[in-house]
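A short worksheet on the structure shown next.
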Amino acid sequence: MQEEKQEKIALISKKELFFTFFKIGIITFGGGYAMISNIREELVSKKQWIKEDELIKIIAISESTPGPIAINMATFIGYKKRGVLGSILATLGVVLPSLVILYLISLFFNQFLEIKLIQYAFNGIKVGVSFLIVRAGYQMFVKMEKNPFNLIIFFLVMILMILFDFLSINFSSIFFILIAALIGIIFFSLKKGVKK
Amino acid sequence: MIYLLLFLEFFKIGLFTFGGGYAMIPLVKETVLSHHWLDEATLLDLIGVCESTPGPIAINMATFIGSINGGILGSIIATLGVVLPSYIIILLIAKFLSKFLENNYVKNALNGIKPTIIALILSTGLLMFIEVFDIQFTQTISMNYHALMIFILFVLIDHLYKKQTTRKLSALEIILISMGLGVFIYTIVPTV
């Protein structure tokens with residue numbers, strides 16, 4: 001029985017790999033965490049390509065590496081199942097629906113926006129989108145461990161971001177990320193040194 | 001050379017986006033505004049479109065911005081740019097570096113990055129609200145009252161929904177409701 005299952009796992013065709021991730025790309029709205037629940041449904045429950053603990057490991061890797069979680073997952077699972085070609089096919093599969101849909105929308109977007117009712121709708125969307133972003137940030141803040149290190153970095157970046165915006169100072173958020181990474185390395189290395 | 005520029009800028013965005021879709025918005029905003037690829041109002045429209053169409057928001061935005069500025073080739077190149085950093089990094093991790101994340105330097109760097117990302121997202125969202133409400137601090141404080149009315153109605157609906165269902169509104173629902181409110185408010189309240 002166990003052997004049979006192993007064999008089944010090894011026999012995932014490249015076509016199936018591509019179309020499974022293509023389907024995940026189509027049915028997932030809003031990306032990120034919605035993607036995780038769809039991937040769990042498709043790959044853990046239905047197809048049993050990966051186990052729950054493997055999924056958790058992939059999520060952990062995705063969260064600590066750059067890039068959209070959907071791409072990270074497709075690349076990782078594609079590689080584990082069918083090597084480099086598998087990783088390319090799975091990633092292509094998950095990207096392709098977005099690429100086609102948004103390309104088509106971009107062709108008609110400006111004509112679209114000339115319609116009065118659509119303009120009104122988009123004026124509403126602007127409010128909704130700002131709300132979404134603030135909510136996402138707020139939820140992440142609630143979940144963040146409230147130790148002095150996190151809080152100081154958090155409020156410092158908040159204040160500087162808003163201040164720079166009001167003063168129209170160009171300071172890329174890449175620098176914030178790089179400086180914070182450096183501070184993290186120095187602070188936690190020193191802390192460990194003190195403990196020793 | 002627009003194609004090279006699109007590729008490099010989106011590669012950079014892909015490389016520095018930790019923690020999912022919302023984390024890329026501050027960086028996308030800086031990039032598109034500095035190159036005049038989109039204005040801020042269109043960017044907000046675009047985020048709305050990307051939230052209400054399938055697929056990761058990063059890919060959706062890259063495709064759209066690429067297409068607007070470089071046609072079909074531009075959209076493919078921008079998408080390739082935003083995908084490539086994560087593709088390469090994950091492939092390396094899957095192949096050689098399964099211990100990479102247990103490295104102490106990597107862990108410590110990520111400890112510093114996490115609160116930074118949260119602050120970047122939250123401050124970007126708050127600044128967007130100021131932009132949407134078009135708040136002007138001249139002699140008197142003026143603002144876009146239509147946006148304010150939409151916001152108040154929206155918060156009311158969100159609150160009632162949470163009370164009735166104990167579930168949060170999904171991103172798609174938020175976009176659809178705010179669309180409806182936009183049409184409603186701008187139709188019944190004439191713009192001056």
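Summary of values
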quantity	calculated
Selection count, segment B:96-136, where residues are within 22 Å of the chain's Cα centre (by Cα) and not in a helix (DSSP H, G or I)	2
Selection status of A:L107, open to solvent by less than 40 Å² (accessible area, probe 1.4 Å), facing chain B (nearest Cβ under 9 Å) and of a type in the set (A, V, I, L, M)	no
Where a residue in segment B:22-36 is more than 20 Å from B:K114 (Cα to Cα) and its partner, wherever it lies, is open to solvent by less than 10 Å² (accessible area, probe 1.4 Å) and among the aromatic types (F, W, Y), with Cβ under 9 Å and at least six apart	B:T31/B:F10
Per-region count, segment A:128-170, residues in a loop (DSSP other than H, G, I, E, B), more than 19 Å from the chain's Cα centre (by Cα) and at pLDDT 85 or above	4
Which listed residue is open to solvent by 40 Å² or more (accessible area, probe 1.4 Å) and under 22 Å from the mean Cα position of the chain (by Cα), from B:F151, B:F184	B:F151
Matching residues, segment B:159-169, being out of contact with any Phe, Trp or Tyr (no Cβ under 8 Å at 6 or more places or on another chain) and surrounded by 14 or more Cβ atoms within 10 Å (Cβ to Cβ)	B:Y161
Those residues of segment B:100-119 which are surrounded by fewer than 20 Cβ atoms within 10 Å (Cβ to Cβ) and more than 7 Å from chain A (Cβ to nearest Cβ), in sequence order	B:F100, B:E102, B:N103, B:N104, B:V106, B:K107
Residue identified as surrounded by fewer than 19 Cβ atoms within 10 Å (Cβ to Cβ), modelled with pLDDT under 75 and not small (G, A, S) among A:E3, A:E41, A:E52, A:E16	A:E3
Meets criteria (under 24 Å from the mean Cα position of the chain (by Cα) and of a type outside the set (S, T, N, Q)) for B:L160	no
In segment A:151-168, residue nearest to A:I186 (Cα to Cα) [restricted to those that are open to solvent by 20 Å² or more (accessible area, probe 1.4 Å) and of a type outside the set (A, V, I, L, M)]	A:F155
Test: residue in segment A:176-185 that is modelled with pLDDT of 85 or more, open to solvent by less than 20 Å² (accessible area, probe 1.4 Å) and in contact with an Asp or Glu (Cβ under 9 Å, 6 or more places away or on another chain)	no
Answer from B:L8, B:L43 - the residue that is open to solvent by less than 30 Å² (accessible area, probe 1.4 Å) and aliphatic (A, V, I, L, M)	B:L43
Of all residues in segment B:136-171 being over 14 Å from A:K126 (Cβ atoms) and touching a Leu at 6+ places or on another chain (Cβ under 7 Å), the one that is modelled with the lowest pLDDT	B:A171
B:E9 being within 9 Å of another protein chain (Cβ to nearest Cβ), closer than 29 Å to A:D165 by Cα and not hydroxyl-bearing (S, T, Y)	no
Scan of segment B:60-96 for residues that are more than 8 Å from chain A (Cβ to nearest Cβ), under 26 Å from A:I61 (Cα atoms) and surrounded by fewer than 14 Cβ atoms within 10 Å (Cβ to Cβ), ordered by number	B:L92, B:F96
Residue check for B:L44: in contact with a Lys or Arg (Cβ under 6 Å, 6 or more places away or on another chain) and hydrophobic (A, V, I, L, M, F, W, C)	yes
Failed item in (1) in contact (Cβ under 8 Å) with a residue 24 or more places away in the chain; (2) open to solvent by less than 20 Å² (accessible area, probe 1.4 Å); (3) among the aliphatic types (A, V, I, L, M), with B:V189 passing the rest	(2)
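The values are calculated or read from the model by the stated rules, or taken from the named source; none is laboratory data. Values in this document were obtained by computation on a predicted structure and should not be read as measured data. When we count neighbours, we look across all protein chains shown, and the Cβ atoms used for this are built from the backbone with ideal geometry, even at glycine. Ligands, DNA and RNA are stripped out before the accessible areas are found, and what is left, the full protein with its side chains, is counted by its heavy atoms. Shrake-Rupley method; radii C 1.70, N 1.55, O 1.52, S 1.80 Å.
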